[in-house]
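Here the structure is laid out as structure tokens; the discussion comes afterwards.
The values are calculated or read from the model by the stated rules, or taken from the named source; none is laboratory data. Owing to the predicted nature of the structure, the values given are computational and were not obtained by experimental measurement. Methodologically, a virtual Cβ is constructed for each residue, glycine included, from the backbone with ideal geometry; neighbour enumeration extends over all protein chains shown.
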Amino acid sequence: LSSQHSAADKGLKDYYKDYFPVGVAVGPQSLQGEEAALIKAQFNSVTPENAMKMGPIHPEENRYFWRDADAIVSFAQANQLRVRGHNLLWHEQTPKWLFKDAQGKQVSKEVLLKRLHDHIFTVVKRYKGKIYAWDVVNEAIADNPQEFLRNSEWLQICGPEFIAKAFEYAHEADPDAVLFYNDYNTERPEKRERVYKLLKQLVDAKVPIHAVGLQGHWSLQEPTEPELRAAIERYASLGLKVQITELDVSIYPWEKERRAKRPGESDAYTPELEQKQAEQYRMFFRVFRDYRKVLTGVTFWNVSDRYSWLDTYPVAGRKNYPLLFDQQLKPKKAFQAVVSF
Ligand code: XIL
């Protein structure tokens with residue numbers, strides 16, 4: 001049997017059935033055809049890539065747009081996939097109306113918290129029993145190491161209290177849902193300590209938070225194995241579960257501030273890069289298996305190298321190859337590395 005044949009017979013979810021569910025970010029366009037077949041064969045969990053974010057799902061104060069989110073939840077139910085909800089509060093992809101009153105003036109803290117409450121109640125209750133976990137607050141820690149919380153409109157209008165409130169509303173709306181704080185670069189020691197500080201404040205204040213999502217937008221350079229282990233152990237020491245919620249391994253180093261493709265820059269996916277990436281994935285999954293008691297899920301951010309959000313982020317005009325399946329949807333070296341143990 002060729003490795004591709006055996007890979008098709010046995011999916012990631014089967015290799016990892018004694019460890020954790022393996023998920024993937026999806027949009028309504030991936031629920032048909034060969035991509036849908038790959039999702040069903042490989043994964044047992046899905047996260048809507050964009051469809052449940054506040055901007056897309058709640059575009060006007062008195063209007064929700066359910067079509068895409070409903071389609072993903074129906075697909076999941078029909079195919080025995082669990083669903084992670086993503087997300088209830090973020091500083092990006094928020095609707096224009098949210099922070100403004102009818103005159104275009106910034107709303108008060110009371111009005112904003114009421115809107116947050118109504119949004120969370122409506123969305124979480126609609127999918128109660130169908131969505132087992134929610135990313136309640138996404139990326140609230142600042143990028144600048146000198147700052148603690150991100151200086152978003154949420155912080156400007158409400159002060160730090162919006163974080164605890166979001167968790168309380170979500171818990172009230174669905175007491176059975178597993179509630180996450182979700183963020184990126186959570187393995188970098190300085191950011192790790194700021195995330196830890198926030199989580200500890202919430203846990204100490206008895207806020208209903210159950211888990212932390214490490215997004216896992218990683219690269220060939222980072223995180224190192226000791227950094228990854230230290231992060232999982234640090235967060236788990238608070239009694240929280242951990243998931244890797246948005247895993248991809250970029251072939252480019254992390255450069256968030258980059259705005260343009262450099263002239264003449266190569267985006268060739270060489271055999272050396274593919275091999276290096278496979279070794280990086282092998283290390284990550286070895287660590288994940290070691291922490292099966294606290295690590296309750298690993299989700300990839302997109303299905304295959306045919307399409308990745310990293311094709312246009314942080315700059316457009318260069319292709320990325322960050323996933324386990326290639327543009328023909330065939331398993332890559334990195335797939336073999338992840339399932340050989
Ligand atoms: C990304 C989506 O993949 C893109 O399609 C969209 O344009 C922007 O958002 N962190 C998150 C995710 O929590 O919601 C982001 O998803 C990627 C970074």
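Identify the single condition in (1) within 16 Å of the ligand (Cβ to nearest atom); (2) touching a helix residue (DSSP H, G or I) at 6+ places or on another chain (Cβ under 7 Å); (3) of a type in the set (A, V, I, L, M) that ALA133 does not satisfy, given that it satisfies every other one.
(2)
Scan the stretch 300-329 residue by residue and report those that are within 11 Å of the ligand (Cβ to nearest atom) and in contact (Cβ under 8 Å) with a residue 12 or more places away in the chain.
TRP301, ASN302, SER308, TRP309, LEU310, PRO314, listed by residue number.
Looking at the stretch 282-322 only, could you name the residues that are within 15 Å of the chain's Cα centre (by Cα) and of a type in the set (A, V, I, L, M, F, W, C)?
Hits for the stretch 282-322 are LEU295, VAL298, PHE300, TRP301, VAL303, TRP309, LEU310.
If we scan the stretch 310-320, do we find a residue that is among the basic types (Lys, Arg) and out of contact with any Asp or Glu (no Cβ under 6 Å at 6 or more places or on another chain)?
Within the stretch 310-320, not a single residue is among the basic types (Lys, Arg) and out of contact with any Asp or Glu (no Cβ under 6 Å at 6 or more places or on another chain).
Please work out which one of (1) away from the ligand (no atom under 14 Å from the Cβ); (2) within 18 Å of GLU246 (Cα to Cα) is the condition PRO28 fails and give its number.
(1)
Can you find even one residue in the stretch 78-87 that is at pLDDT 95 or above, surrounded by 15 or more Cβ atoms within 10 Å (Cβ to Cβ) and assigned to a loop (DSSP other than H, G, I, E, B)?
Within the stretch 78-87, one or more residues are at pLDDT 95 or above, surrounded by 15 or more Cβ atoms within 10 Å (Cβ to Cβ) and assigned to a loop (DSSP other than H, G, I, E, B).
Checking GLU92 against (1) within 21 Å of the chain's Cα centre (by Cα); (2) among the acidic types (Asp, Glu); (3) crowded, with 16+ Cβ neighbours inside 10 Å: exactly one of these is not met. Which one?
GLU92 satisfies every listed condition except (3).
Condition test on SER45, is it crowded, with 16+ Cβ neighbours inside 10 Å, touching a residue at least 12 places away in the same chain (Cβ under 8 Å) and either in contact with a Pro (Cβ under 8 Å, 6 or more places away or on another chain) or aliphatic (A, V, I, L, M) (or both)?
yes
Test each condition in (1) more than 16 Å from the ligand (Cβ to nearest atom); (2) under 22 Å from HIS217 (Cβ atoms); (3) of a type outside the set (Val, Ile, Thr); (4) part of a helix (DSSP H, G or I) for GLY55 and report the one that comes out false.
Of everything listed in (1) more than 16 Å from the ligand (Cβ to nearest atom); (2) under 22 Å from HIS217 (Cβ atoms); (3) of a type outside the set (Val, Ile, Thr); (4) part of a helix (DSSP H, G or I), GLY55 misses just condition (1).
So, of the residues in the stretch 1-35 that are at pLDDT 95 or above and of a type in the set (S, T, N, Q), which turns out to be surrounded by the fewest Cβ atoms within 10 Å (Cβ to Cβ)?
Ranking the qualifying residues of the stretch 1-35, first place goes to GLN32.
State the number of residues belonging to the stretch 302-341 that are of a type in the set (Ser, Thr, Tyr) and buried (at least 22 other Cβ atoms within 10 Å of the Cβ).
Summing the residues that are of a type in the set (Ser, Thr, Tyr) and buried (at least 22 other Cβ atoms within 10 Å of the Cβ) in the stretch 302-341 gives 2.
Please find, within the stretch 122-145, the residue that is surrounded by the most Cβ atoms within 10 Å (Cβ to Cβ) out of those that are in a loop (DSSP other than H, G, I, E, B) and acidic (Asp, Glu).
GLU139
Just name the residue that is surrounded by the fewest Cβ atoms within 10 Å (Cβ to Cβ) out of those in the stretch 57-77 that are charged (D, E, K, R) and touching a helix residue (DSSP H, G or I) at 6+ places or on another chain (Cβ under 9 Å).
Selected residue: ARG67.
Of these, TYR281, TYR252, which one is at pLDDT 95 or above, surrounded by 15 or more Cβ atoms within 10 Å (Cβ to Cβ) and part of a loop (DSSP other than H, G, I, E, B)?
Of TYR281, TYR252, the one residue that is at pLDDT 95 or above, surrounded by 15 or more Cβ atoms within 10 Å (Cβ to Cβ) and part of a loop (DSSP other than H, G, I, E, B) is TYR252.
Taking LEU98 as the residue in question, decide whether it is over 19 Å from ALA140 (Cα atoms) and either in contact with a Lys or Arg (Cβ under 8 Å, 6 or more places away or on another chain) or more than 16 Å from the ligand (Cβ to nearest atom) (or both).
So LEU98 does not fit the description; no.
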